[in-house]
Amino acid sequence: QVQLVESGGGSVQAGGSLRLSCVRSGYTGSTNTMAWFRQAPGKEREAVAAIIIARGSTYYADSVQGRFTISQDNGKTTLYLQMNSLKPEDTAMYYCAARSRPATYWWHGDYNYWGQGTQVTVSS
């Protein structure tokens, strides 16, 4: 069992920054990939970024490329999402996710574990 708890969400103006955190606990040794997803009201869930835990390889959605940075701490138990140059369209509930096996496509939503989400609101 892996438990994920997100934090760091809030309300900011366009152009501002936020840093989301996701603390991973429980049996974490088998975690292969962690990712951030988001879902806005009335829209489908979309993958934002992912990181391969062992290698540190990162992946980003085109919509956030160059603005967001996904990273992990040295102990590999905390996931971060640094969000810069925020836009109103970034407004969504952001979810941390983890999976124990590698996937062919990182953006697919078939992750094993999910957090409860943290709200990000960007005003114009």
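Measuring nothing but protein heavy atoms, the accessible surface of the chain at 1.4 Å probe radius is 44 percent carbon and sulfur.
So which trypsin sites (Lys or Arg not before Pro) in segment 23-86 end up in coil per DSSP with only 10 or fewer other C-beta atoms within 10 Å?
Values: sites: ARG24, ARG38, LYS43, ARG45, ARG55, ARG67, LYS76; in loops: LYS43, ARG45, ARG55, ARG67, LYS76.
Sites meeting the loop and neighbour criteria: LYS43, ARG55.
The distance linking segment 55-106 with segment 1-45 is 8 Å (Cα centroid to Cα centroid, whole angstrom).
For segment 59-124, report the accessible area per residue in Å² (1.4 Å probe, heavy atoms, rounded to an integer). Averaged over the residues of segment 59-124, the accessible area is 54 Å².
The values are calculated or read from the model by the stated rules, or taken from the named source; none is laboratory data. Small disclaimer: the values here were computed from a predicted structure and weren't measured. Glycine gets a Cβ as well: all are built from the backbone with ideal geometry, and neighbour counts include every protein chain shown. Surface areas here come from the heavy atoms of the whole protein model, side chains and all, with no ligands, DNA or RNA. Shrake-Rupley method; radii C 1.70, N 1.55, O 1.52, S 1.80 Å.
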